[in-house]
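The values are calculated or read from the model by the stated rules, or taken from the named source; none is laboratory data. Not measured: the values here are computed from a predicted model. A quick note on method: Cβ atoms are made from the backbone with ideal geometry, for glycine too, and the neighbour counts reach across all protein chains shown. Accessible surface areas use protein heavy atoms only, side chains included; no ligands, DNA or RNA. Shrake-Rupley method; radii C 1.70, N 1.55, O 1.52, S 1.80 Å.
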Amino acid sequence: MNDTLSPRRLRALIALGWLAVGTLVLLVTPLSAHSESLGWTPAFWLMLAPASVLVAMRPGLPLSLLAALFRR
């Protein structure tokens, strides 16, 4: 078995970690998703940017996850 991570899998793991930490930061800190001075910047950089990387890597993933959710 190959113990090294492929570059694609490594990018996906980094994006998933970034998304998880960003979501946690927005949930547990007083940082709001939208502010008058920053606009939507915190929400974009903490949640939407890593999510867009994951969608760009595998475009069918959100639809397959929704389909799996509704099959239950």
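For the subset of the range 16-31 comprising residues that are among the β-branched types (Val, Ile, Thr) and in a helix (DSSP H, G or I), which member is surrounded by the fewest Cβ atoms within 10 Å (Cβ to Cβ)? Even if it seems obvious, please write down each step before you answer.
From the range 16-31, those among the β-branched types (Val, Ile, Thr) are 21, 23, 25, 28-29; that's our starting set.
Among the residues that remain, those that are also in a helix (DSSP H, G or I) are: 21, 23, 25, 28.
Working: VAL21: 12, THR23: 14, VAL25: 13, VAL28: 8.
Top of the filtered list is VAL28.
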For this session: Read through the list (1) in contact with a Leu (Cβ under 8 Å, 6 or more places away or on another chain); (2) not in a loop (DSSP other than H, G, I, E, B), then give the number of the only condition that SER52 fails.
Result: (1)
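Report, by residue number, each residue of the range 32-42 that is assigned to a loop (DSSP other than H, G, I, E, B) and either closer than 23 Å to ALA56 by Cα or hydrophobic (A, V, I, L, M, F, W, C) (or both). Explain how you work it out, then say what you get.
Taking the range 32-42 first, the residues assigned to a loop (DSSP other than H, G, I, E, B) are 32-34, 36-38, 40.
If the condition is that a residue be assigned to a loop (DSSP other than H, G, I, E, B) and either closer than 23 Å to ALA56 by Cα or hydrophobic (A, V, I, L, M, F, W, C) (or both), then ALA33, LEU38, TRP40 are the ones that fit.
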For this session: Assess whether LEU13 counts as being of a type outside the set (Asp, Glu), exposed (fewer than 13 other Cβ atoms within 10 Å of the Cβ) and modelled with pLDDT of 85 or more.
Result: yes
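Which residue out of LEU5, LEU38, LEU26, LEU19 is touching a helix residue (DSSP H, G or I) at 6+ places or on another chain (Cβ under 6 Å) and farther than 14 Å from LEU54 by Cα? Before the answer, list the steps.
Values: LEU5 fails: touching a helix residue (DSSP H, G or I) at 6+ places or on another chain (Cβ under 6 Å); LEU38 fails: touching a helix residue (DSSP H, G or I) at 6+ places or on another chain (Cβ under 6 Å); LEU19 fails: farther than 14 Å from LEU54 by Cα.
Selected residue: LEU26, the only one of LEU5, LEU38, LEU26, LEU19 that is touching a helix residue (DSSP H, G or I) at 6+ places or on another chain (Cβ under 6 Å) and farther than 14 Å from LEU54 by Cα.
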Problem set entry | Some residue of the range 22-33 being at pLDDT 85 or above and in contact with a Phe, Trp or Tyr (Cβ under 9 Å, 6 or more places away or on another chain) | yes
Exercise. When you scan the range 46-72, how many residues do you find that are over 10 Å from the mean Cα position of the chain (by Cα) and open to solvent by 100 Å² or more (accessible area, probe 1.4 Å)?
Worked result: 7
